[in-house]
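Participant: Shown below is the structure under consideration.
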Amino acid sequence: MPRARRGFKARQRRNKVLKLAKGFVGGRRKLFRTAVETVQRALAFAYRDRKVKKRDFRKLWIVRINAAAHENGLSYSRFISGLNKASVGLDRKVLAELAVSDPAGFAALANLAKGA
C-alpha cells in the first residue's frame, strides 16, 4: 500500500493561514506554527474590537451632545429626558452631528427639550 502524502489539502490549509498573516513581522508571517498563533489572536482582537468600536462611538456622541447641551443651559440627562418627553425620535449619532454642524438647529432642539 503506498504511503499517503498530505499534499494538496494540507498546503491549501497552510496557505490560507499564511495569507491571513500577510503584513505581520518576521517569522509571524513566514512560519506556519507562529503564524497560526498570531492569526488566531488577531482574529480574536478583530471580533472583540468590532464591538468596542460601537461603544467608543457612542461615548464620543454623548460627549459632543453633552458639550452642546451645556452651551444651551441644559445637562445631558435633562436634554435627553426632555427630548423623550417631547417624543423626538432622533438617535445620539444624529444629535451629535447636529451639535457639530448645525448649532442653531441643536439650540432649537434644546429649547424644545426645556419646554417639555
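All of the numbers you see were taken from the coordinates with simple rules; none came from a lab. Everything quoted here is computed from the prediction, not taken from an experiment. FYI the Cβ positions are ideal-geometry reconstructions off the backbone, even for glycines, and counts take in every protein chain you see.
Participant: Do we find a residue being in a helix (DSSP H, G or I) and surrounded by 13 or more Cβ atoms within 10 Å (Cβ to Cβ) anywhere in the range 39-50?
Facilitator: Yes; the residues of the range 39-50 include at least one that is in a helix (DSSP H, G or I) and surrounded by 13 or more Cβ atoms within 10 Å (Cβ to Cβ).
Participant: Here's something else I'd like to know. Go through the residues of the range 31-54 one by one and say whether even a single one is within 29 Å of residue 115 (Cα to Cα) and in contact with a Phe, Trp or Tyr (Cβ under 7 Å, 6 or more places away or on another chain).
Facilitator: no
Each row is one residue, and each column tells you yes or no for (1) in contact (Cβ under 8 Å) with a residue 24 or more places away in the chain; (2) closer than 30 Å to residue 27 by Cβ; (3) touching a Leu at 6+ places or on another chain (Cβ under 7 Å).
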{"site": "41", "(1), (2), (3)": "no, yes, no"}
{"site": "47", "(1), (2), (3)": "no, yes, no"}
{"site": "50", "(1), (2), (3)": "no, yes, no"}
{"site": "62", "(1), (2), (3)": "yes, no, no"}
{"site": "81", "(1), (2), (3)": "yes, no, no"}
{"site": "101", "(1), (2), (3)": "no, no, no"}
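Participant: If you check residue 82 against the conditions, is it under 25 Å from the mean Cα position of the chain (by Cα) and either surrounded by 16 or more Cβ atoms within 10 Å (Cβ to Cβ) or not in a helix (DSSP H, G or I) (or both)?
Facilitator: No, not satisfied.
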